[in-house]
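Here the structure comes first, spelled out in structure tokens, and everything after it is commentary.
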Amino acid sequence: MPVAAGHTPLPDVDGRSAFARRKRALVAAFISDLGGPDEASTSERVLADKAAILTLQLQALEARMEEGDTSHTTLDLYGRGVGHLNRLLKTLGIKRRAKDVTPGEPGSALYDLYVAEGKIKPTEIDE
């Protein structure tokens with residue numbers, strides 16, 4: 001049965017729990033990354049929902065590990081969950097963005113720092 005507007009898929013669930021609020025926030029962020037609600041297809045919305053649930057479940061596993069649960073089962077679940085989330089986000093269109101690491105123009109703070117640390121040589125303009 002398809003989910004229609006105003007239809008709650010699970011009885012007795014009103015969406016006010018911390019989990020539901022965090023899930024909605026993550027779904028909204030994923031949809032925003034896809035260009036916003038007007039640009040996201042139904043399939044992308046479904047995948048964004050699943051990615052949000054996986055993210056929250058991974059956070060719950062991280063909390064268990066921070067409390068000392070480093071059993072093989074927990075680590076295995078966590079590792080597989082990260083792999084599933086990675087594939088899901090790649091399907092949604094996540095991509096690596098190269099970071100600009102050039103030191104900038106002479107006179108910029110980063111440029112001056114790199115010169116001072118000897119990481120780059122000053123240009124002829126500076127000399």
Any chance region 6-22 includes a residue that's hydroxyl-bearing (S, T, Y) and at pLDDT below 90? yes
Scan region 98-119 and tell me whether some residue there is at pLDDT 95 or above and part of a loop (DSSP other than H, G, I, E, B). no
If A28 passes every condition in (1) surrounded by 13 or more Cβ atoms within 10 Å (Cβ to Cβ); (2) over 14 Å from the mean Cα position of the chain (by Cα); (3) farther than 16 Å from K90 by Cα but one, which one does it miss? (2)
Filtering region 34-60 down to residues that are without any contact (Cβ under 8 Å) to a residue 12 or more places away in the chain and surrounded by fewer than 17 Cβ atoms within 10 Å (Cβ to Cβ) yields G35, G36, P37, D38, E39, S41, T42, S43, V46, Q59, A60
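The values are calculated or read from the model by the stated rules, or taken from the named source; none is laboratory data. Small disclaimer: the values here were computed from a predicted structure and weren't measured. Counting neighbours? That spans all protein chains shown, and the Cβs are built from the backbone with ideal geometry, glycine included.
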